[in-house]
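The values are calculated or read from the model by the stated rules, or taken from the named source; none is laboratory data. Values in this document were obtained by computation on a predicted structure and should not be read as measured data. Neighbour counts are summed over all protein chains in view; Cβ atoms, including those assigned to glycine, are modelled from backbone coordinates with ideal geometry. When the accessible area is computed, the model is the full protein with side chains, heavy atoms only, and any ligands, DNA or RNA have been set aside. Shrake-Rupley method; radii C 1.70, N 1.55, O 1.52, S 1.80 Å.
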Amino acid sequence: YLLKMLIENSKKIVLKLGSSTVIDSKGVFKNKWVTSLIKDIKKYGKNKNFVIVSSGAIALGQKYLNIKKKKIKLEMSQAIAAVGQIHLAGEFQKLFDKYKIKTGQILISPDDTEQRRRAINVRRTFDNLFKLNAIPIVNENDSTATAEIKYGDNDRLAARVAQIIGADILIIFSDVDGLYDKSKSKKIVKNIERIDDKVTSLIEKTKNSYGSGGITTKLDAAKICMNSGCHMFIANGKIDNPISNMIKKEKFTHFFPKVSSLDAKKKWIIGSLNSNGTIKIDDGASKALLNGKSLLAAGITRIDGFFKKGENVLVLDQNNNQLARGLSSFSSDEINKIKGKQSKEIEKILGYFSKTEIIHKDDMVLL
C-alpha cells in the first residue's frame, strides 16, 4: 500500500533496468517484457516524469557483431558498447513509439555528475526533456569512459541521476526479488532504514552472466539515495508488468531516505560553504527572490570576487544583508558585462546564446 501511495505522489521516478532484465540469455532484446513495463508507465505515469537507466548495450553489441567471448578487453568492450548502444536506444524508441511516448538518449560519464557545473547542465537537459514529454533513456558513456573514471555499473549511475534530478523514487529491477536475509527460508528484507554491518553482511558473492553489479553496488546506490531524499527499491525485473507486480505482491526491499529531497538539494547547495564571490542586487530583485523567483541580470548592481559558471555565490541586498546562496549560471566576467541589462539583450552583449537566469530558483537557497 505504501508503494502505491508513494508512486501516486511522486513527480519523478527513475527505473534502472539491469542487463538480464532487458536482454535474454541469447543476447536478444526482451520486447515483451519492455512492452509490459511501458504499459505500467502508461498506467501510473499521469503527471509524472520517468527516467530509464538501462544496461545491455554490450550484450546487444556482442549479439549484433556475433562475438561470443565472455572475457573482453576494456578497449574492445567500449567499441562493442558503441555499436550496441544505438541498437538499445532504437529498440526502446520503437516500442515507446507504439504507445505514443517520445524518448531521448542521455549518455553520462562520471565527470557529468561529480562536477557541480556539469551536474547543473545535466539536470537542465533532463528538465527540458520532461518539458518535451520525452522519457530520457540513460546509460554510461561506455565508449569513452576509462576504467579509472567509470561508475562501472548502472546502479550507482541511476542513484546519481536520481540525486541530480531530485527524484522521489528509484526502482532497481534485477534478477532477484530483493535483499534476502540469512535464514534457511531466505526471506526478503522488506524495509531498511540504515545500512549497517547487519545489512552489509547479507551481500552474496554470486554474479550473473551479464550484470556487472551484484548486491554491493545496489547498497552503494542505496546510500546515495538515502542521503539525497529518494526512496529506493530493489525488485524483480524478470516478471511482466514489474511495477504492477511490485504493488500487488509487495515483494521488494525498500530503502527509506534519511532526509527529504528538498533538504538534500539545499544541503547540496549550502554544502559548499566557500562562496567564490558576491552578487549585490537592488530592492526589486530582492523582492522577486523572496517571492520565489529566479535572479535576472536586470536586478544586479555590482559583483565582487572571481567565479566560474556553476560555482557557489552569495547574494546580498542593497544593505549588504545576506539574502541567498546559489549556483551561478554565468561566470563573474560574463555577469560584469550584462549586469543591469534586460534578459533579451544578453545574447547580443555576450555574442552567444545563453540562459536568461543568472541564478535559477531551483539552484538557490534563501538565507
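Expressed as an acute angle from 0 to 90° and rounded to the nearest 10, what is the orientation of the C-alpha long axis of helix 116-131 relative to the principal long axis of the chain? So the helix axis and the longest Cα principal axis differ by about 70 degrees.
Of all the accessible heavy-atom surface of region 275-344, with the other protein chains kept in place and a 1.4 Å probe, what percent is carbon and sulfur? On region 275-344, the fraction of accessible area on carbon and sulfur atoms equals 45 percent. Entry comment: accessible area of region 33-76 is 59 Å² per residue, from protein heavy atoms only and a probe of 1.4 Å.
Taking all protein chains together, Y180, Y1 sort by accessible area into Y1, Y180, largest first [probe 1.4 Å]. For the residues F330, F255, F173, a GNM of the chain with alpha-carbon springs under 10 Å puts the largest fluctuation on F330.
Stretching I349 away from L367 to a fully extended chain increases their span by 3.3 nm, per 0.36 nm per residue minus the current alpha-carbon distance.
So how much slack lies between D282 and N133, counting 0.36 nm per residue of separation and subtracting their Cα-Cα distance, in nm?
Values: separation 149, 0.36 × 149 = 53.64 nm, distance 3.71 nm.
Between D282 and N133, full extension yields an extra 49.9 nm.
Per residue, the chain reaches -12000 deg cm²/dmol at 222 nm when only DSSP H runs of four or more residues are counted, each adding -39500 (n - 2.57). In whole percent, how big is the carbon plus sulfur part of the accessible area of region 1-145, probe 1.4 Å, protein atoms only? For region 1-145, the apolar C and S fraction of the accessible surface comes to 53 percent. Can you spot the aspartates and glutamates whose alpha carbon is less than 12 Å from K308's alpha carbon? Ignore those fewer than 8 places along the same chain. Cross-link targets: D333, E334. The rule of thumb for compact globular proteins, 2.2 N^0.38 Å, goes into the C-alpha radius of gyration of region 1-115 1.19 times.
Work out the FRET efficiency for L290 and K190 from their Cβ-Cβ distance, taking R0 = 41 Å, and round it to the nearest 0.05. Efficiency computed from Cβ-Cβ geometry: 0.40. When the residues D168, D40 are ordered by accessible surface, computed with a 1.4 Å probe over the protein chains alone, the sequence from largest down reads D168, D40. Note on the chain: GNM, Cα springs under 10 Å; of R160, R302, R325, the largest mean-square fluctuation is that of R302. Taking Cα atoms only, the orientation of helix 31-44 departs from the longest principal axis of the chain by about 50 degrees. Between K98 and D24, residue separation times 0.36 nm minus the direct Cα-Cα distance comes to 24.5 nm. Once C-alpha pairs closer than 8 Å and six or more residues apart are averaged by separation and normalised to the residue number of the chain, the relative contact order reads 15 percent.
(1) 5, 23, 31, 25, 13, 3, 0; (2) 5, 23, 29, 23, 14, 6, 1, 0; (3) 5, 25, 34, 25, 9, 2, 0: which one is P(r) over Cα pairs in 10 Å bins from 0, in percent as calculated from this entry? Among (1) 5, 23, 31, 25, 13, 3, 0; (2) 5, 23, 29, 23, 14, 6, 1, 0; (3) 5, 25, 34, 25, 9, 2, 0, the one derived from this structure is (2). Across I247, I215, I120, mean-square fluctuation computed from a Gaussian network of the chain (C-alpha pairs under 10 Å connected) peaks at I247. For the chain, leaving out every one of the GluC sites (Glu not before Pro) that falls in a DSSP loop and has at most 13 other Cβ atoms within 10 Å, the longest unbroken run is 1-192.
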